[in-house]
Structures are given as structure tokens and as C-alpha cells.
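Enquirer: The following block contains the structure, expressed as C-alpha cells.
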Amino acid sequence: MKLKLNKKGMSLPAMLAIITFLIGSLLAIITTTINRAELIERSIDSSEEYVNYANNIKAVQRIIARDEITDETEIADLVSYFNIQFDQPNSSVYRFYKDLDSVNRSVVGYLAKNTEAIQTYQELFEFTGLEDSFELSPLINATSMLREYTLEYVNDHFPGTSLDADFSSFKDIVRFYKSLSGYSIEEPRYIEDQRNPIISDYIFIDGDVELEDKNLTIEPGYLLIIDGDLKISGDANITGNIVINGDFKIEGKRRDSRNIIGTFYVEGDVEIARSTNIGTETRPSFFIANGDIDLENDITVYGYFIADDFSGKKGDIFITGGVYAADDLDIKDRNLEPNTTMTEADLQDYGITTTIIVESSSGDITFTYTEPKFE
């Protein structure tokens, strides 16, 4: 079949309309694909297969810790009984895992027989994370960082409080704050209904929080707890320290003004839109997530990131500080440089624990383990 073409050709407006339509269609397909992938992973997180094997790994970790098992044969028999696998990334750490049939990922938990408390600055923040000599301890994640900081924070702000609670998971720590005498439990509208909310008390928000074209300020000395997601968009400034038992999404258009200055402990993922300013030279920000951290392009950062996967290679991203990823680190070397102004003495003011527990070949016998998660 032959097509009869108009000899005059296609007009410029018509051509632009077609191009715009095609670009829009392509972006819609990409967005749909990304959203679908996120939904699939979320469903896997709650699937019977994931839950069962995560529980099996927890059972193995707890039995080994309870009975102080060090014999390799006993550990191998225990692992076989619970239908999981194990290996040793180094001589001080056991890695318990199970490859999932429904997705090309593994659920993984770590255990160290011997551990020691060392200075957080020396272990992490004096590095950028790209040095050949640097290796992130598998015991360092959002849960362990929040646990150690919580012990310091509660001792300072609620002296005499019993700290015998189970802090083995991020959710356990959040539940502890919910039960902590002194924290007021509020609904999301406590923040959302204010024009520019200022937190100057011990506040626990029970649910997801969405803020558009608002400034959120947490006064120094206070730690805001959000038992859900935090999503901000438009012209927005955040200042202060927050625990987020969900995802942290920073959205908005390129011309929006977004300044994020604080420390954020996040159970889920962190997504940061383009043209966002993170931290300042005198007050770097910290994003400490159990999930993944993804930065769009055109972002200037004074700060530090701890995550499972870190993606920051999409464009003009410049980070003064450090990036530490347990699994995958995607950033250009030229986009990351050390922060020469921050010192160890600054950490407590920034809401960061001054000491952290890591594996050791000769430290105290503690049988410390991590909560199973995707890897």
C-alpha cells in the first residue's frame, strides 16, 4: 500500500505537537514502569516467601546468640534445618541469606560474635566512602545508628528511663518512642494544619505526613518521630532532626525553593528531587536509610548518606561530605569531596551517635545481629 503525501509537507506547529506527544507518551511509560517496579518490590516485602525466610534468618540469629554457638558444624546444621544459606564476608561476620524465587534479590541478615564500640567519626565520617581503604561494616545501618543515638538521646533528655526495650528493628525503636512518657502522640494534621509548623516539644506523629509549600522546623534538642511516610513538595524548607518510619520523598519543580538541613533516620527509601539544596557548610545534613537513596540532578549537598543503594550520577550533583552504601554506590568521583570543616565534636549537636558498634576479631563477645532485609 502506498501513502499519498501532501507536497507542502508537515507544518512546524504540527511537527512540534507530534514530538511533544511522543515525549509525553515516553515519559508516561517510564513513570508507569518505575511505579510498577516499586509496587512489585513493596508486595515482595510483605509476601509470604519474604516474611517466612526473614523469620527463619531471625530464628537462626537468635538461637546462635542465645546459645552462644561458635561451632561451624552446629551453625551449618542450624542453617540447613531452617532452609537458608550462610557465608562469611570476613572472619568476624556471618552472613545468613536466602535467594527469593519471585525476584532476583536475596533477604539477608548479619551476625558478629565479637564486637567493639568505636568512634563513629573515625569509622565513617572522616572518609568520603570512595577510598580503597574504606569498607562499610555490615553492622552499620539506619537501625543501628538510630539505636545508639536513642540510647544517648534518652539518657540526656529522659534520665532514669529504662532502656531494656527490644531495639532489634527500626520499628521496635519507633514503638519505644511511642510508649515513652514525655512524647505526645498526635495525628498528621497536627503538622499539616499549621502554616509553617514549628516543633518545640517531644512529638510523635501517628501516620503519613504531606507538606506542600510549607516550612517545617524542629527546634534544637528535639527529635520528631513520624510513624509513616514524609512527603514534601513545592517551596519547602526543613530544619531539624526527624525519625521517619517509612519513605522520605522530596518532590517539586525545578524553580521551587527547597532547603533541607537536618538529620533524617529513614526506615524506607529516600528520593530527592532536582534543584534541592542539602545542608550548609556550617551544618551538614545526614540521611541514614535502611532502603535506597536516589538523587536527581542539579543538587548541591553538604552532608552524608548511609543507605543500601545510593544513586547520584544523573547530572550536576556535588557533594561535600560522604556516601556509604552497603550494596551499590553509583556516583562520579569528581562529584564527591571531603568535608574538612566538620569535627567529631559536632556529631552530638547534629543528632548523630558518637560511638557505633562494629564487628571485631578480639572485642567483647556480644553476638550482635542485624534485622534481615533485601540485598
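The values are calculated or read from the model by the stated rules, or taken from the named source; none is laboratory data. These figures come from a predicted structure and were not determined experimentally. Quick reminder, even Gly has a Cβ in these numbers, built from the backbone with ideal geometry, and neighbours come from all protein chains shown.
Enquirer: Suppose the filter is closer than 30 Å to residue 219 by Cβ, at pLDDT 95 or above, buried (at least 20 other Cβ atoms within 10 Å of the Cβ) and in contact with a helix residue (DSSP H, G or I) (Cβ under 8 Å, 6 or more places away or on another chain); does residue 303 pass it? Give the derivation first.
Expert: Values: closer than 30 Å to residue 219 by Cβ: yes; at pLDDT 95 or above: yes; buried (at least 20 other Cβ atoms within 10 Å of the Cβ): yes; in contact with a helix residue (DSSP H, G or I) (Cβ under 8 Å, 6 or more places away or on another chain): no.
Considered against the rule, which asks whether it is closer than 30 Å to residue 219 by Cβ, at pLDDT 95 or above, buried (at least 20 other Cβ atoms within 10 Å of the Cβ) and in contact with a helix residue (DSSP H, G or I) (Cβ under 8 Å, 6 or more places away or on another chain), residue 303 comes out as no.
One line per residue, one yes/no per condition, for (1) modelled with pLDDT of 95 or more; (2) among the charged types (D, E, K, R); (3) surrounded by fewer than 20 Cβ atoms within 10 Å (Cβ to Cβ); (4) under 30 Å from residue 75 (Cα atoms):
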site	(1), (2), (3), (4)
309	no, yes, yes, yes
313	no, yes, yes, no
322	yes, no, no, no
332	no, yes, yes, no
347	yes, no, no, no
358	yes, no, no, yes
364	no, yes, yes, yes
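Enquirer: Cβ contacts < 7 Å: first residue closer than 21 Å to residue 342 by Cβ, restricted to the range 112-136; second residue part of a helix (DSSP H, G or I), any location; separation 6+ or different chain. Result?
Expert: Pairs found: 119/344; 121/344; 130/333.
Enquirer: I've got another one for you. Hey, does the range 161-172 have a residue that's part of a helix (DSSP H, G or I), closer than 30 Å to residue 340 by Cβ and either of a type in the set (D, E, K, R) or free of Cβ contacts under 8 Å to residues at least 12 places away in the same chain (or both)?
Expert: Scanning the range 161-172 turns up no residue that is part of a helix (DSSP H, G or I), closer than 30 Å to residue 340 by Cβ and either of a type in the set (D, E, K, R) or free of Cβ contacts under 8 Å to residues at least 12 places away in the same chain (or both).
Enquirer: Regarding the range 292-300, can at least one residue be identified that is within 19 Å of residue 123 (Cα to Cα) and either at pLDDT below 95 or of a type in the set (A, V, I, L, M) (or both)? Explain how you work it out, then say what you get.
Expert: Our first condition is that a residue be within 19 Å of residue 123 (Cα to Cα); within the range 292-300, this holds for none.
The answer is no, given that none of the residues of the range 292-300 is within 19 Å of residue 123 (Cα to Cα) and either at pLDDT below 95 or of a type in the set (A, V, I, L, M) (or both).
Enquirer: Still on this model: Residue by residue through the range 186-205, note down the ones that are over 17 Å from residue 230 (Cβ atoms) and either basic (Lys, Arg) or under 24 Å from the mean Cα position of the chain (by Cα) (or both).
Expert: First pass over the range 186-205, keeping only residues over 17 Å from residue 230 (Cβ atoms): 195, 200-202.
Selection gives 195, 202.
Enquirer: Just to verify a result, which residue in the range 140-185, among those that are of a type in the set (S, T, N, Q) and under 24 Å from the mean Cα position of the chain (by Cα), is farthest from residue 62 (Cα to Cα)? Step through it out loud before you land on a result.
Expert: So in the range 140-185, the residues of a type in the set (S, T, N, Q) come out as 141, 143-144, 150, 155, 161-162, 168-169, 179, 181, 184.
Restricting the remaining residues to those that are under 24 Å from the mean Cα position of the chain (by Cα) gives 141, 143-144, 150, 168-169, 179.
Values: 141: 19, 143: 17, 144: 17, 150: 22, 168: 11, 169: 13, 179: 25 Å.
Applying the filter and picking the extreme gives 179.
Enquirer: Which residues, taken from the range 333-366, are of a type outside the set (Ser, Thr, Tyr) and within 23 Å of residue 92 (Cβ to Cβ)? If you could, list the steps in order and put the result at the bottom.
Expert: Of the residues in the range 333-366, the ones of a type outside the set (Ser, Thr, Tyr) are 333-339, 342, 344-349, 351-352, 356-359, 363-365.
Across the range 333-366, the qualifying residues are 356, 357, 358, 359, 363, 364, 365.
Enquirer: If residue 69 satisfies every condition in (1) more than 30 Å from residue 332 (Cβ to Cβ); (2) in contact with a Phe, Trp or Tyr (Cβ under 7 Å, 6 or more places away or on another chain); (3) surrounded by 14 or more Cβ atoms within 10 Å (Cβ to Cβ) but one, which is the exception?
Expert: Here residue 69 clears every test but (2).
Enquirer: Moving to a separate point now. So in the range 220-242, with the set limited to residues that are surrounded by fewer than 22 Cβ atoms within 10 Å (Cβ to Cβ) and acidic (Asp, Glu), which one is modelled with the highest pLDDT?
Expert: Ranking the candidates gives 229 first.
Enquirer: Can you tell me which of (1) surrounded by 14 or more Cβ atoms within 10 Å (Cβ to Cβ); (2) in contact with a strand residue (DSSP E or B) (Cβ under 9 Å, 6 or more places away or on another chain) is the one residue 176 doesn't meet?
Expert: Unmet condition: (2).
Enquirer: Shifting gears a bit: Kindly provide the set of residues from the range 89-119 that are in a strand (DSSP E or B), among the basic types (Lys, Arg) and more than 21 Å from residue 358 (Cα to Cα), ordered by number. Steps first, please.
Expert: Start the filter on the range 89-119 by keeping residues that are in a strand (DSSP E or B), which leaves 89-90, 93-99, 106-119.
If we keep only those that are among the basic types (Lys, Arg) as well, we get 95, 98, 113.
Result: 98, single match.
Enquirer: Go through (1) of a type in the set (Ser, Thr, Tyr); (2) at pLDDT below 95; (3) farther than 23 Å from residue 361 by Cβ for residue 149 and report which single condition fails.
Expert: Condition not satisfied by residue 149: (2).
Enquirer: Separate question: Is it fair to say residue 301 is under 21 Å from the mean Cα position of the chain (by Cα) and either under 19 Å from residue 141 (Cα atoms) or of a type in the set (S, T, N, Q) (or both)? Write out each step before concluding.
Expert: Numbers: under 21 Å from the mean Cα position of the chain (by Cα): yes; either under 19 Å from residue 141 (Cα atoms) or of a type in the set (S, T, N, Q) (or both): no.
Against the criterion (under 21 Å from the mean Cα position of the chain (by Cα) and either under 19 Å from residue 141 (Cα atoms) or of a type in the set (S, T, N, Q) (or both)), residue 301 does not qualify.
Results for (1) of a type in the set (Asp, Glu); (2) closer than 24 Å to residue 307 by Cα, shown as yes or no for each residue.
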{"position": "121", "(1), (2)": "no, yes"}
{"position": "126", "(1), (2)": "yes, yes"}
{"position": "144", "(1), (2)": "no, yes"}
{"position": "165", "(1), (2)": "no, no"}
